[in-house]
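Heads up: the structure comes next, in structure tokens.
The values are calculated or read from the model by the stated rules, or taken from the named source; none is laboratory data. What you see is a predicted model; the values in this text were computed from it and never measured. Note that each Cβ is placed from the backbone with ideal geometry, even for glycine, and that neighbours are counted across all protein chains shown.
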Ligand SMILES: Cc1cc2nc3c(=O)[nH]c(=O)nc-3n(C[C@H](O)[C@H](O)[C@H](O)COP(=O)(O)OP(=O)(O)OC[C@H]3O[C@@H](n4cnc5c(N)ncnc54)[C@H](O)[C@@H]3O)c2cc1C
């Protein structure tokens, strides 16, 4: 019996630039394992739903390369699953692309402990990031705290070159455990009717779809630098889901984009801006690695005692996308129906919750984590803290988005709001109607949508937020929340 090369598939559903998969193929006939482990099962519903799409697409592509053998799905913690698998098959090494979140690192640690008595080893490979997380550091050797110098340093060093691809034909192992049939796996049973709506509005999944989406983006990328803030225009790449699930690596995306910019100088400016956004993703991981508590604790220590409001009726209305503020509800409905939300609208939505409603950013973060198909633990945490004012930004305190002004500037004709809000204008778009199909019976959401965004309400929220912040800064009494 030839011992297999074991590949532990996590968030790297691709064949190109996948050093872990390539190494497993060299070790022996491939045994590709996907684990229903505690870290995966603890992720948000929409994110798990999207993982399932990635897994199906990868499994189908793997079967094409092996002549019919797909991914082996197993259930349990890695430290319980892999030692018997190694004993059964004679394999000694497990290859995994590193996904450096603290919960995964804790699992890796426990697995290493369990493998040691068997002389087994876990090999971690890069690929989730543009470069090794400790390569870009300040001159003092400390992590960066500000984006611009980080981006400059990264561009100066350059991202890593893409790693090896898996071979086009793969010999598959037949010695592994039977595994759970993919058809019987449902990673998001808690989504109920939301799953079929998401399915209807989903972007295609998989590595081929990621490449096709990137190519399609290049053909309409010219106005990206100015139009990327407009939710009413399809101006951004839509690559975040593919990056989050590892259907394309950021360094391959970078390499392809850089080649395209060289070949088409008219696009160079737009693609430079696009790559800056990809550096924001890298910066988020840089911050998370330096401060692993980022999803839970304020990045700026001085904000640790800020008395955010806990769950409240305003938060419930926000969660249910019935705040009465057009751009806010449109964004939250877009997320319920598609699992996505335009970046500008994410900022406005997050600002409404943390500023006008002074509600704890962690509640918003958790809601996004449960609802986004492009959920990324680093980007989600960094951006929530950035908007709330407790994260990495030079001028956080007085930046309070006025959602009506934002709407006038970035959705001037109301196209985006009409798409997502039933009753915004005479006809209800199918997208707007689909939102109602996702609602649990316990939610009472009026149809058509009801506006409640007069100037008085907007300025009362803004003034209360400013008063709360200055009271907090001057160590005054507790912030005032009247009139929210
Ligand atoms: C409150 C809040 C929460 C967010 N949560 C997530 C999240 O969970 N997952 C996620 O991928 N992005 C998150 N973002 C960032 C951003 O909104 C999305 O990456 C973007 O909307 C994805 O669309 P796109 O791929 O078309 O973006 P493009 O404009 O085409 O950008 C290209 C890529 O750059 C990266 N990127 C762009 N903007 C940001 C940013 N602000 N921060 C980090 N990376 C960025 C993404 O990987 C994106 O795919 C969040 C932003 C906010 C304000």
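Only one of the listed residues (115, 111, 129, 85) is surrounded by 20 or more Cβ atoms within 10 Å (Cβ to Cβ), farther than 17 Å from residue 18 by Cβ and touching a residue at least 40 places away in the same chain (Cβ under 8 Å). That residue is 85. Can you find even one residue in the range 16-35 that is within 25 Å of residue 88 (Cα to Cα) and within 19 Å of the chain's Cα centre (by Cα)? The answer is no, given that none of the residues of the range 16-35 is within 25 Å of residue 88 (Cα to Cα) and within 19 Å of the chain's Cα centre (by Cα). Residues of the range 226-254 that are in contact (Cβ under 8 Å) with a residue 60 or more places away in the chain, closer than 18 Å to residue 10 by Cβ and either in contact with a helix residue (DSSP H, G or I) (Cβ under 7 Å, 6 or more places away or on another chain) or more than 8 Å from the ligand (Cβ to nearest atom) (or both): 241, 243, 245, 246, 247, 248, 249, 250, 251, 252. Only one entry of 216, 222 meets the criterion of being surrounded by 12 or more Cβ atoms within 10 Å (Cβ to Cβ) and in contact (Cβ under 8 Å) with a residue 40 or more places away in the chain, and that entry is 222.
Evaluating residue 316 against the criteria (1) more than 10 Å from the ligand (Cβ to nearest atom); (2) in contact (Cβ under 8 Å) with a residue 24 or more places away in the chain; (3) part of a helix (DSSP H, G or I) leaves one unmet condition, (2). Checking each residue in the range 401-417 for being in contact with a helix residue (DSSP H, G or I) (Cβ under 8 Å, 6 or more places away or on another chain), in a helix (DSSP H, G or I) and more than 12 Å from residue 230 (Cβ to Cβ) picks out 403, 404, 417.
Condition test on residue 336, is it within 20 Å of the chain's Cα centre (by Cα) and either more than 13 Å from residue 387 (Cβ to Cβ) or within 11 Å of the ligand (Cβ to nearest atom) (or both)? When the stated conditions are applied, residue 336 passes them. Given the condition within 16 Å of residue 209 (Cα to Cα) and in contact (Cβ under 8 Å) with a residue 60 or more places away in the chain, answer yes or no: does some residue in the range 38-51 qualify? Checked the range 38-51: at least one residue is within 16 Å of residue 209 (Cα to Cα) and in contact (Cβ under 8 Å) with a residue 60 or more places away in the chain. Once the range 359-388 is narrowed to residues that are outside any helix (DSSP H, G or I) and near the ligand (Cβ under 7 Å from one of its atoms), the residue that is farthest from the chain's Cα centre (by Cα) is 372. Of the candidates 342, 356, the single residue that is more than 10 Å from the ligand (Cβ to nearest atom) and either over 25 Å from residue 104 (Cα atoms) or buried (at least 23 other Cβ atoms within 10 Å of the Cβ) (or both) is 356. Could you please let me know if residue 173 is touching a residue at least 60 places away in the same chain (Cβ under 8 Å) and in contact with a helix residue (DSSP H, G or I) (Cβ under 6 Å, 6 or more places away or on another chain)? Taking the combined requirement at face value, the residue does not satisfy it. Residues in the range 267-309 that are more than 16 Å from the ligand (Cβ to nearest atom), over 21 Å from residue 155 (Cβ atoms) and either free of Cβ contacts under 8 Å to residues at least 24 places away in the same chain or out of contact with any strand residue (DSSP E or B) (no Cβ under 9 Å at 6 or more places or on another chain) (or both): 292, 293, 297, 300, 301, 302, 303, 304, 305, 306, 307. None of 373, 415 is touching a residue at least 24 places away in the same chain (Cβ under 8 Å), surrounded by fewer than 17 Cβ atoms within 10 Å (Cβ to Cβ) and either outside the structural domain of residue 464 (by TED's automatic domain parsing) or closer than 30 Å to residue 210 by Cα (or both) except 415.
Quick check on residue 391: is it within 16 Å of the ligand (Cβ to nearest atom) and in a loop (DSSP other than H, G, I, E, B)? It is true that residue 391 is within 16 Å of the ligand (Cβ to nearest atom) and in a loop (DSSP other than H, G, I, E, B). Identify, by number, the condition in (1) closer than 21 Å to residue 234 by Cβ; (2) more than 9 Å from the ligand (Cβ to nearest atom) that residue 347 doesn't meet. Of (1) closer than 21 Å to residue 234 by Cβ; (2) more than 9 Å from the ligand (Cβ to nearest atom), only one is false for residue 347: (2). On the stretch given as the range 418-456, residues that are in a helix (DSSP H, G or I) and over 23 Å from residue 199 (Cβ atoms) total 3.
Among the residues of the range 67-76, are any at negative phi, without any contact (Cβ under 8 Å) to a residue 40 or more places away in the chain and surrounded by fewer than 19 Cβ atoms within 10 Å (Cβ to Cβ)? No, the conditions are met nowhere in the range 67-76.
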